[in-house]
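Shown next, in structure tokens, is the structure this report addresses.
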Amino acid sequence: MKDINVNATVSEKATIGRFVIVEEDVVIADNVIIGDFCVIRKGSTIGRGTVLENQIEIGENCTLAEDCTIQSYTLIHDKVKLGKNAQIGSFSILHEDSVYGEDNVIGSYCELGKKLNVGNENIIQGRIRTGDSCTIEDNVTIKYGTILTANVLLKKNAFLGPNVITLGSTHKRVTVHGTIIGSSTYIGAGSKIAGGTQIADNIVTGALSFVNKDLSEAGIYVGVPVRKIK
């Protein structure tokens, strides 16, 4: 059983599974494969060669470019744009009004906030959480279990180890967002970064560090709170 709206455009070369709902003004290109129990909301476009596994929902007015792979049980909210060759793991949520470039890999059990601007060739591993309005430039790696609060900027080639947290408030419960992590900067596993902190390019922080101040000079920093050692 399939429910394909008469105003949807579905290529004859597409493969549609069982119990799939395709709403009005959807466009499904050649060689698309859609698994069972999927829902494609109105106005969305699924590019050539894209694969949707089972029980996936694509929101309204989304664009998935060619050759994307979306694993089962993932939810993509309205007005999300995915560049070509995106790979999204299972049980992930991509919130609305976000743009993802080409060749991005997003792991399973991620929840990525609204109004994200994500560049190209990023690796966002499993169980990542982000707040809204974050920017992730190109060739960034975010390892398993990291949490980003709102308005974080990760510049090109930044690397965040597992379980890094950018904090979003002070000890006085004042909300502070807008953390910046510079190009080619390495944040060690388990590090915590105070809200609104700016970390310059080419900096390394050791594992389990606490960054409670701006770091403007390239080098290696360790400790709680961090101090420069090299």
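May I ask you to derive the FRET efficiency for D214 and D25 from their Cβ-Cβ distance with R0 = 45 Å, giving the value to the nearest 0.05?
Values: r = 48 Å, r/R0 = 1.07.
Calculated value: 0.40.
Residue separation times 0.36 nm, minus the C-alpha to C-alpha distance between M1 and V224: what's the value?
Details: separation 223, 0.36 × 223 = 80.28 nm, distance 5.93 nm.
Working it through step by step, the gained length comes to 74.4 nm.
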(request) Could you give me the radius of gyration and the Dmax of the stretch 1-94, taking only the C-alpha atoms into account and expressing both in angstrom? (result) 11.3, 31
(request) In whole Hz, with x marking every Gly and Pro, tabulate ³J(HN,Hα) for the stretch 43-58 from phi via Karplus 6.51 cos²θ - 1.76 cosθ + 1.60, θ = phi - 60°. (result) x, 8, 10, 10, x, 3, x, 6, 10, 10, 6, 8, 6, 10, 10, 10
(message) Can you tell me which aspartates and glutamates have their Cα less than 12 Å from the Cα of K42? Leave out same-chain residues fewer than eight positions away.
(response) E23, E24, D25, E57, E60, D78
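With both bridge residues required to lie in the chain, what share of the DSSP beta bridges run antiparallel, to the nearest 5%? Before the final figure, lay out each step's value.
Numbers: 3 of 68 bridges.
If we restrict to bridges inside the chain, about 5 percent are antiparallel.
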(request) Answer rounded, prolate or oblate for the stretch 127-207, using the Cα gyration tensor with square roots of eigenvalues a ≥ b ≥ c: rounded when a/c is under 1.5, else prolate when a/b is larger than b/c, else oblate. (result) rounded
(request) Normalising by the residue count of the stretch 40-163, find the relative contact order in percent from Cα pairs under 8 Å and 6+ residues apart. (result) 14
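So how many Lys-Lys pairs in the stretch 128-225 land under 18 Å Cα to Cα, not counting same-chain pairs under 8 apart?
Details: K143/K155; K143/K156; K143/K192; K155/K192; K172/K192; K172/K213; K192/K213.
Step by step, the pairs that qualify in the stretch 128-225 add up to 7.
How do 58-64, 36-42 rank on mean C-beta neighbours within 10 Å, highest first?
Details: 58-64: 21.4, 36-42: 19.3.
Descending packing order for the listed peptides: 58-64, 36-42.
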(message) To make sure I understand the rule: partners must be aspartates and glutamates, Cα under 15 Å from the Cα of K228, and not fewer than 8 residues away in the same chain. Which ones qualify?
(response) D201, D214, E217
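Using R₀ = 35 Å, calculate the FRET efficiency as 1/(1 + (r/R₀)^6) where r is the Cβ-Cβ separation of V99 and D201; round to 0.05. Intermediate results must be reported in sequence, preceding the final value.
Details: r = 24 Å, r/R0 = 0.69.
Efficiency for this residue pair is about 0.90.
With a 1.4 Å probe and all protein chains left in place, how much accessible area per residue does the chain have, in Å²?
Working: 10760 Å² over 230 residues.
Each residue of the chain exposes 47 Å² on average to a 1.4 Å probe.
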(request) Between A8 and Y144, take the C-beta separation as r, use R0 = 35 Å, and let me know the FRET efficiency to the nearest 0.05. (result) 0.40
(request) Starting at the first residue of the stretch 188-203, write each ³J(HN,Hα) from the Karplus equation 6.51 cos²θ - 1.76 cosθ + 1.60 with θ = phi - 60°, in whole Hz, x for Gly and Pro. (result) x, 3, x, 6, 10, 10, 4, x, x, 6, 10, 10, 6, 6, 6, 10
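Probe radius 1.4 Å, ligands and nucleic acids ignored: give me the carbon and sulfur share of the accessible area of the stretch 139-230 as a rounded percent. If you can, show how the numbers build up before the last one.
On the way: 2440 of 4480 Å².
Carbon and sulfur atoms account for 54 percent of the accessible area of the stretch 139-230.
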(message) If you average the alpha carbon positions of the stretch 33-100 and of the stretch 142-201, how far apart do those two centres end up, in angstrom?
(response) 28
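The values are calculated or read from the model by the stated rules, or taken from the named source; none is laboratory data. Since the structure is predicted, the reported quantities are computational estimates derived from the model, not experimental observations. When we count neighbours, we look across all protein chains shown, and the Cβ atoms used for this are built from the backbone with ideal geometry, even at glycine. Just the protein is used for accessible areas: all its heavy atoms, side chains included, with ligands, DNA and RNA removed. Shrake-Rupley method; radii C 1.70, N 1.55, O 1.52, S 1.80 Å.
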